[in-house]
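Colleague: Can you read through this structure? Questions will come right after.
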Amino acid sequence: MSALAKPGKLNAAGILMLVSGILQFPTACVMASVSGFVVSFVMGILTIWAGGIGALCGYCSLLVYALWAVGIIEVIAGILILALPKPPRLLLQLVSVAEVLCLFLGGIPAAIAGIINVILSRDPEVVAYLEVSPLPPE
(Lines give C-alpha, C1' and ligand atoms only; values in the text may rest on other atoms or scores of the structure.)
Protein backbone atom coordinates (compact mmCIF):
# COMPACT_ATOMS: atom_id res chain seq x y z
CA MET A 1 0.00 0.00 0.00
CA SER A 2 1.32 3.43 -0.85
CA ALA A 3 1.79 6.07 1.81
CA LEU A 4 -1.01 8.20 0.31
CA ALA A 5 -3.73 5.54 0.22
CA LYS A 6 -6.30 5.72 2.97
CA PRO A 7 -6.54 2.44 4.91
CA GLY A 8 -9.70 0.43 4.43
CA LYS A 9 -10.04 0.02 8.20
CA LEU A 10 -10.29 3.78 8.58
CA ASN A 11 -13.09 3.89 5.99
CA ALA A 12 -14.75 0.97 7.79
CA ALA A 13 -14.64 2.91 11.06
CA GLY A 14 -16.26 5.92 9.37
CA ILE A 15 -19.02 3.81 7.84
CA LEU A 16 -19.60 2.07 11.16
CA MET A 17 -19.90 5.43 12.95
CA LEU A 18 -22.32 6.70 10.33
CA VAL A 19 -24.57 3.64 10.54
CA SER A 20 -24.40 3.57 14.34
CA GLY A 21 -25.31 7.25 14.51
CA ILE A 22 -28.34 6.69 12.30
CA LEU A 23 -29.42 3.74 14.47
CA GLN A 24 -29.15 5.88 17.62
CA PHE A 25 -32.33 7.81 16.85
CA PRO A 26 -34.82 4.90 17.01
CA THR A 27 -32.85 3.35 19.87
CA ALA A 28 -33.15 6.56 21.89
CA CYS A 29 -36.89 6.79 21.24
CA VAL A 30 -37.52 3.21 22.33
CA MET A 31 -35.27 3.42 25.39
CA ALA A 32 -36.81 6.72 26.51
CA SER A 33 -40.34 5.41 26.13
CA VAL A 34 -39.71 2.14 27.92
CA SER A 35 -37.53 3.51 30.70
CA GLY A 36 -39.80 6.50 31.30
CA PHE A 37 -42.86 4.32 31.69
CA VAL A 38 -41.17 1.63 33.79
CA VAL A 39 -39.44 4.06 36.13
CA SER A 40 -42.57 6.16 36.62
CA PHE A 41 -44.78 3.13 37.19
CA VAL A 42 -42.43 1.30 39.54
CA MET A 43 -41.53 4.37 41.56
CA GLY A 44 -45.19 5.39 41.73
CA ILE A 45 -46.14 1.97 43.12
CA LEU A 46 -43.21 1.87 45.54
CA THR A 47 -44.07 5.30 46.95
CA ILE A 48 -47.85 4.94 47.00
CA TRP A 49 -47.70 5.56 50.75
CA ALA A 50 -46.33 9.05 50.00
CA GLY A 51 -48.95 9.91 47.42
CA GLY A 52 -47.00 8.44 44.50
CA ILE A 53 -44.38 11.18 44.60
CA GLY A 54 -41.82 8.73 43.24
CA ALA A 55 -43.56 8.83 39.87
CA LEU A 56 -41.83 12.16 39.36
CA CYS A 57 -38.56 10.22 39.20
CA GLY A 58 -39.63 9.10 35.76
CA TYR A 59 -38.34 12.41 34.47
CA CYS A 60 -34.83 11.23 35.33
CA SER A 61 -35.21 8.74 32.51
CA LEU A 62 -35.03 11.63 30.06
CA LEU A 63 -31.27 11.26 30.36
CA VAL A 64 -31.64 8.60 27.69
CA TYR A 65 -32.10 11.40 25.17
CA ALA A 66 -28.34 11.90 25.45
CA LEU A 67 -28.25 9.03 22.95
CA TRP A 68 -29.56 11.47 20.35
CA ALA A 69 -26.68 13.84 20.99
CA VAL A 70 -24.18 11.01 20.65
CA GLY A 71 -25.97 9.89 17.48
CA ILE A 72 -25.61 13.34 15.94
CA ILE A 73 -21.93 13.42 16.87
CA GLU A 74 -21.46 9.95 15.38
CA VAL A 75 -23.05 10.97 12.08
CA ILE A 76 -20.89 14.11 11.85
CA ALA A 77 -17.72 12.21 12.79
CA GLY A 78 -18.50 9.43 10.31
CA ILE A 79 -18.97 11.94 7.50
CA LEU A 80 -15.72 13.71 8.44
CA ILE A 81 -13.76 10.47 8.59
CA LEU A 82 -15.03 9.45 5.18
CA ALA A 83 -14.64 12.89 3.59
CA LEU A 84 -11.30 14.10 4.93
CA PRO A 85 -8.13 12.55 3.53
CA LYS A 86 -6.53 12.68 6.99
CA PRO A 87 -9.14 12.86 9.75
CA PRO A 88 -7.94 13.76 13.24
CA ARG A 89 -7.07 10.66 15.26
CA LEU A 90 -8.43 12.26 18.43
CA LEU A 91 -11.88 12.56 16.81
CA LEU A 92 -11.91 8.85 16.03
CA GLN A 93 -10.86 7.93 19.55
CA LEU A 94 -13.20 10.29 21.41
CA VAL A 95 -16.28 9.31 19.43
CA SER A 96 -15.40 5.63 19.86
CA VAL A 97 -15.22 6.06 23.64
CA ALA A 98 -18.52 7.98 23.64
CA GLU A 99 -20.09 5.10 21.74
CA VAL A 100 -18.87 2.60 24.33
CA LEU A 101 -20.27 4.76 27.14
CA CYS A 102 -23.70 4.61 25.49
CA LEU A 103 -23.97 1.13 26.96
CA PHE A 104 -24.92 2.73 30.30
CA LEU A 105 -27.89 4.44 28.63
CA GLY A 106 -29.07 1.38 26.74
CA GLY A 107 -27.41 2.12 23.42
CA ILE A 108 -26.24 -1.42 22.76
CA PRO A 109 -25.67 -1.01 18.98
CA ALA A 110 -23.53 2.07 19.62
CA ALA A 111 -21.53 0.26 22.29
CA ILE A 112 -20.78 -2.62 19.92
CA ALA A 113 -19.78 -0.16 17.19
CA GLY A 114 -17.62 1.71 19.70
CA ILE A 115 -15.73 -1.42 20.71
CA ILE A 116 -15.09 -2.28 17.07
CA ASN A 117 -13.98 1.30 16.35
CA VAL A 118 -11.58 1.28 19.29
CA ILE A 119 -10.02 -1.88 17.86
CA LEU A 120 -9.88 -0.36 14.36
CA SER A 121 -8.39 2.92 15.62
CA ARG A 122 -5.55 1.05 17.35
CA ASP A 123 -4.63 -0.93 14.24
CA PRO A 124 -0.96 -0.26 13.38
CA GLU A 125 -1.81 0.56 9.75
CA VAL A 126 -4.38 3.19 10.78
CA VAL A 127 -2.10 4.65 13.46
CA ALA A 128 0.80 4.90 11.00
CA TYR A 129 -1.43 6.58 8.41
CA LEU A 130 -2.82 9.15 10.85
CA GLU A 131 0.52 9.92 12.49
CA VAL A 132 2.40 10.70 9.27
CA SER A 133 2.92 14.43 8.85
CA PRO A 134 0.93 15.88 5.93
CA LEU A 135 3.86 18.16 5.03
CA PRO A 136 6.61 16.79 2.78
CA PRO A 137 10.02 16.43 4.43
CA GLU A 138 12.49 19.23 3.81
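The values are calculated or read from the model by the stated rules, or taken from the named source; none is laboratory data. Keep in mind the model is a prediction, meaning the values are calculated, not measured. Methodologically, a virtual Cβ is constructed for each residue, glycine included, from the backbone with ideal geometry; neighbour enumeration extends over all protein chains shown.
Colleague: Can you go through Ala98, Ala83, Ala66 and tell me which one is under 11 Å from the mean Cα position of the chain (by Cα) and modelled with pLDDT of 90 or more? Full working, then the answer.
Modeller: Values: Ala83 fails: under 11 Å from the mean Cα position of the chain (by Cα); Ala66 fails: modelled with pLDDT of 90 or more.
The match here is Ala98.
Colleague: Related question: Being crowded, with 18+ Cβ neighbours inside 10 Å and among the aliphatic types (A, V, I, L, M) narrows it down to one of Leu80, Leu120, so name that one.
Modeller: When all the criteria are applied, what remains is Leu120.
Colleague: If you go through the stretch 98-114 one residue at a time, how many are loosely packed, with under 14 Cβ neighbours inside 10 Å and aliphatic (A, V, I, L, M)?
Modeller: The number of residues fulfilling the criteria is 1.
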